[in-house]
Every structure is written in C-alpha cells, then in structure tokens.
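All remarks here apply to the structure that follows.
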Amino acid sequence: MIRLQRSLIQGLQGPTPAVQAVCAALQQAVELEHATIPVYLYALYSLDTGANPEIAAIIQSVVVEEMLHMTLASNVLNALGGTSQVGSPGFIPTFPGPLPGGVESGLIVNLAPFSMTQLQAFLDIEQPEDPIEFKALAAAPGAPITIGQFYTAISDAIAALGNGAFVDPPRNQVGPDLMPESIVVTDVASAQQAISTIIEQGEGTTTSPEEVVGSGYAHYYRFMQIQKGHLLVKTPQPGPPDAQYAYTGAAVPFDAAGVHAVPTNPSREGYPSGSAQAFANDNFNYTYTSLLLSLNALFSGQATQSQMDVAIGLMMSLKGQAKAMMAGIPNPAVLTGPSFEYQPVNP
C-alpha cells in the first residue's frame with residue numbers, strides 16, 4: 001500500500017482551513033493521478049494484445065479512469081478559484097522514482113514492461129486500506145497517510161470551507177458532455193461527490209469491490225484478477241463481503257512470451273544520437289508533452305469539444321507511436337521503450 005507524506009494535509013485540518021492549502025493539496029492530487037498513467041501505459045503497450053488481450057483490457061480500463069480522476073481533481077481545484085497546472089517540466093515524474101508525495105518504504109516506481117513483478121507495484125499503488133485495521137490504527141504524529149486518507153482530508157477541509165468558497169459562476173469545468181462520469185463542481189456537495197468517485201474507483205468501499213460510479217471493480221481488484229488468473233465474480237450465497245465474491249470467473253491468462261522485450265526505465269540520453277530509437281523516442285516525447293499542454297488548456301478554460309478532440313487525437317497518436325516502437329515496427333530487431341520525458345520541441 002502506498003503511503004504519502006503527512007505534510008500533504010498540513011493546513012487542511014482544523015475548523016478553518018485556508019482555501020490556498022486546499023488548492024495546493026488538489027494540485028498534488030492532479031500530479032499524483034497523472035503519475036500513475038505513464039507507468040500503466042508502458043506496461044500496457046509492452047503487451048502483445050493478441051497474446052494477452054484480457055490483461056491489456058484491464059490495464060486500459062484503469063488508465064481511462066485515472067484520466068477521469070485527474071479531471072475531477074482539476075474541476076474541484078478550479079471551482080475553488082485555483083488553477084490546475086498540467087504540463088510543466090516538473091509535472092512529469094522521473095523514473096525510477098517515488099510517486100509525488102509518496103514515502104512508501106521501498107516503493108520505487110519504474111517504467112517497465114508488463115510482468116508479475118510490475119503487477120505487484122500496481123497492486124501496491126492501488127491497494128485499499130483494510131477497514132478494520134484502518135480503524136485500529138493509531139496514527140502517530142507525522143506518520144504517513146494513505147491515498148484515501150489524503151483525499152478524505154481534502155473532502156473534510158472543503159466541508160469546513162463551505163459553499164462560500166466556491167467561485168460563482170463555475171469556472172474551468174470539464175463536464176460529462178466531454179468526459180463521461182465527470183462532475184461539474186459548484187459547491188461542497190458536488191466537490192465531495194467528485195472526491196468520492198476518485199476514492200471509490202481506486203479502492204472500492206468497505207463493503208464491496210464494485211465501483212459506486214461506473215460498472216466495474218475498483219482498480220485494486222481489477223489488477224488482482226491478473227494475479228489470481230481469473231475474473232472476480234459474485235458468489236451465489238449471501239454472507240460477509242469477503243464471501244460474496246471470488247476469483248473464480250473466466251481465466252485471465254498471462255503469456256510471458258507475449259511481452260515485448262523493451263528496456264526498463266529508458267531515457268533520452270540512453271539512445272544514441274541520430275539513431276532510429278532516438279528519433280522515435282523524441283517524436284513520442286514531443287507528442288506526450290503536446291498532449292499534456294492540450295490538457296492544460298482543457299482544464300484552464302478551453303473546455304470545448306474541439307479542444308477535447310485535439311487531446312484525443314494526441315492520445316491516439318501517442319498510442320500508435322508507443323505500440324510501434326515497442327513492437328519493433330518497422331525493424332523487429334530494434335525495440336524502443338518511450339521514456340515519457342518533457343520535450344516541448346522536437347529536435
């Protein structure tokens with residue numbers, strides 16, 4: 001389970017949290033949600049989807065919701081008068097390294113092709129707090145916090161701020177017309193609804209692995225299906241929550257031969273200047289940076305269908321480039337892992 005620095009919620013606790021402190025925490029949330037996406041995408045695109053279709057579908061479904069979570073955190077931030085910052089050089093994490101705000105002992109996140117070892121890192125990121133153990137924990141001052149605790153502290157601080165803290169009329173919102181399941185944030189209730197969606201899609205609830213918003217399981221349980229080798233399904237008999245579901249559904253097989261042998265933690269400097277790999281990686285990083293800048297525009301007042309179309313087009317281009325690079329197209333002897341680095345200009 002990933003744990004975050006308790007300092008992330010400093011200023012959120014107490015009867016009178018400052019709006020600036022809540023906005024700073026929400027910007028951290030935007031960065032945290034984004035930071036998982038390159039890691040998941042690298043594993044996803046390393047898969048030969050003909051050999052591992054079930055695993056690819058599971059990872060892709062999680063990536064889509066991480067994008068939603070990034071959008072919801074931006075909506076809450078913007079509704080409080082702040083400005084979501086996406087696409088600056090420091091916004092992109094360095095690999096290998098910790099996630100933003102992460103202090104989990106030993107949890108260093110890598111850009112790595114899919115493997116059961118990398119899957120364990122995904123599970124560590126998404127693992128929910130055991131509710132019983134959670135209630136029994138007596139958090140010492142300065143002790144790290146879970147992602148769920150981080151978001152709960154933001155939600156509580158927003159309640160303390162009250163509806164008067166929200167900008168009227170609403171500003172810079174990406175609504176469900178552009179992104180399904182998104183929420184336009186206008187007040188405490190809608191902000192807390194957005195935060196609850198992030199928590200429940202990531203961790204589930206204390207009584208069910210199913211999402212409250214959406215039709216699937218929370219991320220941790222989706223990934224666990226890969227580890228268990230079978231889909232999670234409901235059992236016919238009633239009983240406690242842990243007896244109502246079982247990993248006994250259709251098989252989720254893993255074909256290790258169906259993973260492209262791309263490097264772990266590639267870097268721009270690691271590809272020889274002038275090589276085909278450097279050329280492909282530069283093109284990828286330029287597209288990736290352009291995508292982040294297009295999202296920054298989307299979250300900063302340009303929430304239009306045309307701007308969303310630009311972002312989607314860049315996402316599709318990114319996908320095509322990554323899959324070709326990692327599959328060795330056009331030269332099967334040359335496999336290139338995209339390094340997900342900031343590159344606003346393509347040399």
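Listed values, structure above:
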item: For Glu31: the one exception among (1) over 24 Å from Pro180 (Cβ atoms); (2) assigned to a helix (DSSP H, G or I); result: (1)
item: Search result, residues across segment 89-118 that are touching a residue at least 24 places away in the same chain (Cβ under 8 Å), open to solvent by less than 30 Å² (accessible area, probe 1.4 Å) and of a type outside the set (Phe, Trp, Tyr); result: Ile92, Pro93, Leu99, Pro100, Gly101, Gly102, Leu107, Val109, Leu111, Ala112, Pro113, Gln118
item: Filtered residues of segment 295-317 (kept if touching a residue at least 40 places away in the same chain (Cβ under 8 Å) and either part of a helix (DSSP H, G or I) or open to solvent by less than 40 Å² (accessible area, probe 1.4 Å) (or both)); result: Leu295, Asn296, Leu298, Phe299, Ala303, Gln305, Met308
item: Condition broken by Val86, with the remaining ones in (1) of a type outside the set (Ser, Thr, Tyr); (2) modelled with pLDDT of 95 or more; (3) crowded, with 21+ Cβ neighbours inside 10 Å satisfied; result: (2)
item: Leu26 at pLDDT 95 or above, open to solvent by less than 10 Å² (accessible area, probe 1.4 Å) and not β-branched (Val, Ile, Thr); result: yes
item: Residue, farthest from Glu33 (Cα to Cα), within segment 193-231, restricted to residues that are surrounded by 20 or more Cβ atoms within 10 Å (Cβ to Cβ) and without any contact (Cβ under 8 Å) to a residue 60 or more places away in the chain; result: Pro209
item: Contacts under 6 angstrom Cβ, first residue in segment 149-170 being more than 25 Å from Gln302 (Cα to Cα), partner at pLDDT 95 or above and among the polar types (S, T, N, Q), 6 or more apart; result: Ser155/Gln192
item: Cβ pairs under 8 Å, 6+ apart, first in segment 8-27 and under 14 Å from Leu77 (Cβ atoms) and free of Cβ contacts under 8 Å to residues at least 60 places away in the same chain, second assigned to a helix (DSSP H, G or I) and open to solvent by less than 50 Å² (accessible area, probe 1.4 Å); result: Cys23/Leu77; Gln27/Leu77
item: Qualifying residue in segment 264-280 (condition: within 22 Å of the chain's Cα centre (by Cα) and either buried (at least 21 other Cβ atoms within 10 Å of the Cβ) or farther than 21 Å from Phe95 by Cα (or both)); result: yes
item: Top-ranked residue in segment 240-267 [being in a helix (DSSP H, G or I) and without any contact (Cβ under 8 Å) to a residue 24 or more places away in the chain; ranked as farthest from Met224 (Cα to Cα)]; result: Ala243
item: Among (1) modelled with pLDDT of 95 or more; (2) crowded, with 22+ Cβ neighbours inside 10 Å - the single one Glu33 does not satisfy; result: (1)
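The values are calculated or read from the model by the stated rules, or taken from the named source; none is laboratory data. This is a predicted model, so every value here is computed, not measured. FYI the Cβ positions are ideal-geometry reconstructions off the backbone, even for glycines, and counts take in every protein chain you see. The area values use the complete protein model at the heavy-atom level, side chains included, leaving out ligands, DNA and RNA. Shrake-Rupley method; radii C 1.70, N 1.55, O 1.52, S 1.80 Å.
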